[in-house]
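Working notes for the structure below.
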């Protein structure tokens with residue numbers, strides 16, 4: 001077999017469709033003995049959870065490497081070595097105003113938003129994900145990828161006098177411009193893998209599997225690479241096919257097109273207990289209609305594939321909007337609305353339910369980490385070359401405090417993070433110190449971000465216990 005090197009930006013093409021590729025050994029320089037191995041790019045993502053956490057069940061026991069996962073963090077068992085649990089960070093600029101909107105819109109900007117009922121929306125800053133996208137977004141097909149679950153909430157929250165739009169966005173490209181998020185997995189998938197195709201319904205070929213459309217190109221490429229790359233290419237195509245099939249099944253199920261086969265019906269009924277009617281308008285659908293886990297995981301799979309293929313290096317995901325009343329009875333009939341439960345007022349039963357809801361969010365975070373860790377890239381994995389933050393804009397949903405924010409950071413940032421530790425800082429250490437450290441690791445030479453006092457110490461070495 002006559003193997004030759006291929007470009008990192010090589011794509012599969014067919015019928016107007018393009019598919020980016022994961023990192024392959026054939027993408028290394030040809031003169032390997034003379035040229036150093038090309039380093040994999042570093043990616044960054046932020047997963048936002050609404051309504052805070054039960055403060056009594058969040059913080060791990062112990063500090064440094066000897067920490068023990070708390071009940072809320074239990075789903076991360078097996079990921080301890082990939083994780084940094086960061087305690088006592090706060091977002092000082094959001095310690096004002098309402099209970100939720102200020103904390104949500106200012107989570108990644110470190111600013112105090114302008115109080116308005118809708119006429120003059122201003123975050124008063126650019127979010128750090130967009131600062132990175134503006135710096136390095138030209139290196140990838142998509143400068144950044146913004147995903148979510150719930151549509152933008154409109155109207156005014158009369159309890160606090162803020163437009164609800166603030167609670168629907170964590171990403172801001174300018175002080176007055178929130179970045180729209182995609183909540184439909186089909187559209188998100190198409191944006192990633194069918195960016196060159198025509199509009200929906202305009203071309204019958206567009207309704208075919210994207211893998212079928214690029215199959216001939218994939219076969220040609222397979223013959224040009226070595227055995228390891230062939231296995232990686234097969235794994236990648238199977239991953240894309242799996243996501244595509246899950247989206248197709250859900251689309252057909254919602255349209256009533258699933259065949260009336262007993263086994264198929266049984267599968268539908270089982271799946272219906274796990275996922276919500278996410279193609280319906282959440283404002284009209286019953287919150288008790290099902291489990292939205294699959295919707296969330298489809299979006300996280302899309303984000304993972306976007307990173308694996310280097311389609312983008314910047315991503316955000318919102319599990320829900322601020323003040324979300326998402327019903328969690330799919331976990332247990334005794335559970336109710338998320339926001340209502342977060343206002344526990346110290347009630348033991350509500351606190352227990354609150355912990356279960358938080359643990360479910362952490363479980364989805366673990367799912368994403370598992371996907372990224374399964375993708376080999378260079379001398380490690382995509383997770384090794386990433387920084388994946390999970391957190392909220394407030395600590396306890398009952399008190400709405402932006403102090404000691406629940407903050408997790410996973411991935412090794414391309415070898416710049418020493419993971420496997422619980423780092424407990426001095427009270428009221430600026431969250432912006434973490435943001436500044438991440439900005440610099442993503443190639444943004446910022447001297448300062450928001451109220452930062454310097455990079456968050458101890459991220460690279462075990463110097464902070």
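Read-outs throughout are calculated quantities, based only on the coordinates presented, and are distinct from any laboratory measurement. These figures come from a predicted structure and were not determined experimentally. Methodologically, a virtual Cβ is constructed for each residue, glycine included, from the backbone with ideal geometry; neighbour enumeration extends over all protein chains shown.
Tabulated data
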{"read-out": "By average C-beta atoms within 10 angstrom, highest first, the peptides 218-226, 297-305, 177-185", "value": "297-305, 177-185, 218-226"}
{"read-out": "Estimated distance in nm for a label pair at residue 124 and residue 152, the labels positioned 7 Å out from Cα along Cα-to-Cβ", "value": "2.2"}
{"read-out": "Listed peptides 166-175, 314-323 by packing density, highest first (mean Cβ within 10 Å)", "value": "314-323, 166-175"}
{"read-out": "Coordinate range along principal axes, alpha carbons of segment 88-204, Å, largest first", "value": "52, 31, 28"}
{"read-out": "Segment residue 212-residue 186, extension gain: residue separation times 0.36 nm, minus the distance between their alpha carbons", "value": "7.7 nm"}
